[in-house]
Amino acid sequence: TRDNFTVYEDKIRQEITYFEPVEAPMTAVLITEYSKVLPWELLYEALMASYTFVEQMRQGDWVAVVAYDIRPEILVDFTQDRGEVYNALRRLNFPAYRESNLYDTVFDTLDRLREVDQKTAIVLLSSGLDTFSKKNLGEVLKRVKQSDAVIYAVSLGGNLRARYEDRMDPIGRMDLLQGDSALKSFAKLTGGAAFFPRFITEYPGIFQTIAALLRTQYSLGYVSSNTQKDGKTRKIKVEVNADVDGDADGD
C-alpha cells in the first residue's frame with residue numbers, strides 16, 4: 001500500500017500524493033546485437049535469446065525489434081502480433097558488417113522512443129562491445145539519464161567467456177569488462193536491471209522476470225518540496241518497507 005513506500009528527494013522526505021498499483025501489458029523494444037564481431041556461437045545465442053523473449057508476449061503487449069551491427073535496423077515496428085515479430089527475426093541470417101555500434105544504437109533508439117507516449121522498456125541483448133560508434137559512452141550515458149525508458153540489459157557470451165577468458169589478451173579482456181560496465185550503467189541509470197547468464201538455459205527465467213517486472217509496477221507521484229527551477233539533477237530514493245517473507249524484519 002501507499003504506507004509501505006517512502007520517497008526522498010536529495011535526502012528530504014517527500015509526501016506521496018499519487019499511488020496506484022499497475023498491472024498492464026508491456027511495451028518493449030527488443031534490441032539484438034547481430035554483427036560479424038560475434039563468433040557464430042554468440043550469433044546463435046543472440047537469435048535464440050530473441051525468440052525466447054518473444055515467447056513472453058501476451059495479448060495486448062506491444063513489441064518492436066531492432067537489430068544492429070554498423071547501424072541499427074528496425075526489423076519490425078511496434079506490433080501486437082507475435083507472428084510479425086517471429087517473421088522479423090527470421091531476417092537475421094548472416095550479419096553484414098564487422099562493426100558493432102552499441103552506443104549509436106542505444107542513442108538512436110532512445111531518441112525514437114521520445115515519440116512514444118506510454119512507459120516503454122528496452123530489452124538489450126548485447127556483448128556490451130562497441131567498435132565504431134560516433135557517440136562516445138559519456139554522451140550515451142547522458143542521454144540515458146534523460147530518458148523515461150527502462151533498460152534491461154542481458155549480456156551475451158557468458159559461457160564462451162568462462163571457457164576462454166584466461167586465454168584472452170589483456171586488451172580483449174579489458175574491452176569485455178568495459179562492455180559489462182556499460183550494460184550495468186544503462187540498467188542502473190534507468191531503474192532497470194542487468195543480467196549476465198552463463199548458460200542458455202537461464203534465458204527463459206531471465207525473460208520471465210523481466211516480463212513480470214514490466215507488467216507489475218507501482219506508480220508513485222509527489223510534488224517536490226524544492227520549488228527551485230535551477231535545472232539541476234536531483235537524487236530520488238524510494239524505500240519499500242514490506243514484510244513479504246513473514247519474518248517481521250521489514251525486508
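If you count, for each residue, the other Cβ atoms within 10 Å and average over each peptide, how do 160-173, 208-221 line up from highest to lowest?
Descending packing order for the listed peptides: 208-221, 160-173.
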> Hey, what D do you get for region 201-246 in µm²/s if you plug the Kirkwood alpha-carbon radius into Stokes-Einstein at 20 °C and 1.002 mPa s?
Replying inline: 145
>> Just to be sure I understand: if I project the alpha-carbon convex hull of the chain onto a plane and average over all orientations, what area do I get in nm²?
In response: 15.9
>> Give me P(r) over region 127-240, computed from all C-alpha to C-alpha distances, binned every 10 Å, as integer percentages.
In response: 11, 34, 31, 17, 6, 1
> Ignoring ligands, DNA and RNA, what percent of the accessible area of the chain is carbon or sulfur (1.4 Å)?
Replying inline: 50
> Quick one: Cα centre-to-centre distance for region 41-74 and region 141-218, in angstrom?
Replying inline: 15
> Sequence-distant or interchain residues sharing an amide H contact under 5 Å with VAL123, placed H: which?
Replying inline: VAL29, LEU30, ILE31, TYR152
> By how many nm would the segment from ARG82 to LYS188 grow when fully extended, if each residue of separation counts as 0.36 nm and the alpha-carbon distance is taken off?
Replying inline: 35.2 nm
> In whole Å and largest first, what semi-axes does the C-alpha gyration tensor of region 32-159 yield when each eigenvalue is scaled by 5 and square-rooted?
Replying inline: 21, 20, 12
> Using a basic spin-label model with each label point 7 Å from the Cα along Cα→Cβ, how many nm lie between TYR18 and ASN159?
Replying inline: 4.5
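Once R0 is set to 45 Å, what does the formula 1/(1 + (r/R0)^6) return for the Cβ-Cβ distance between GLU9 and GLN208, expressed as a FRET efficiency to the nearest 0.05? Before the final figure, lay out each step's value.
Values: r = 33 Å, r/R0 = 0.74.
E between GLU9 and GLN208, to the nearest 0.05, is 0.85.
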> What FRET efficiency do you get for ARG215 and ILE171 if R0 is 45 Å and r is their Cβ-Cβ distance, rounded to the nearest 0.05?
Replying inline: 0.60
> Most mobile of LYS184, LYS235, LYS135 per a Gaussian network model of the chain (Cα springs, under 10 Å)?
Replying inline: LYS235
> Once Rh is set to the Kirkwood radius over Cα pairs, what Stokes-Einstein translational diffusion coefficient, in µm²/s, holds for region 83-151 at a temperature of 37 °C and a viscosity of 0.692 mPa s?
Replying inline: 240
>> If R₀ is 22 angstrom, what is the calculated FRET efficiency for the pair ASN93 and TYR51, using the beta carbon separation as r and rounding to 0.05?
In response: 0.95
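How large is Rg/Rh for region 112-169, to two decimals, with Cα atoms and a Kirkwood Rh? Provide the component values of the computation, followed by the final result.
Numbers: Rg = 15.2 Å, Rh = 14.0 Å.
Ratio of gyration radius to Kirkwood radius for region 112-169: 1.08.
In the chain, what percentage of the DSSP-assigned beta bridges are antiparallel, given to the nearest 5? Mind showing how you got there, number by number?
Values: 20 of 41 bridges.
If I count the DSSP bridges inside the chain, around 50 percent turn out antiparallel.
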> Principal axis lengths of region 13-79 from Cα atoms, whole Å, largest first?
Replying inline: 52, 33, 20
> If amide H atoms are built 1.01 Å from N in the plane of the peptide, which residues on other chains or at least 5 residues away come under 5 Å of the amide H of LEU75?
Replying inline: VAL65, VAL66, ALA67
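So how do 56-65, 7-16, 139-148 stack up, highest first, on mean other-Cβ count within 10 Å?
Values: 56-65: 18.2, 7-16: 13.6, 139-148: 15.6.
Descending mean neighbour count gives 56-65, 139-148, 7-16.
The values are calculated or read from the model by the stated rules, or taken from the named source; none is laboratory data. Since the structure is predicted, the reported quantities are computational estimates derived from the model, not experimental observations. Positions of Cβ are generated from backbone atoms using ideal geometry, with glycine treated the same way; all protein chains shown enter the neighbour counts. Note: areas computed on protein heavy atoms with side chains; ligands, DNA, RNA excluded. Shrake-Rupley method; radii C 1.70, N 1.55, O 1.52, S 1.80 Å.
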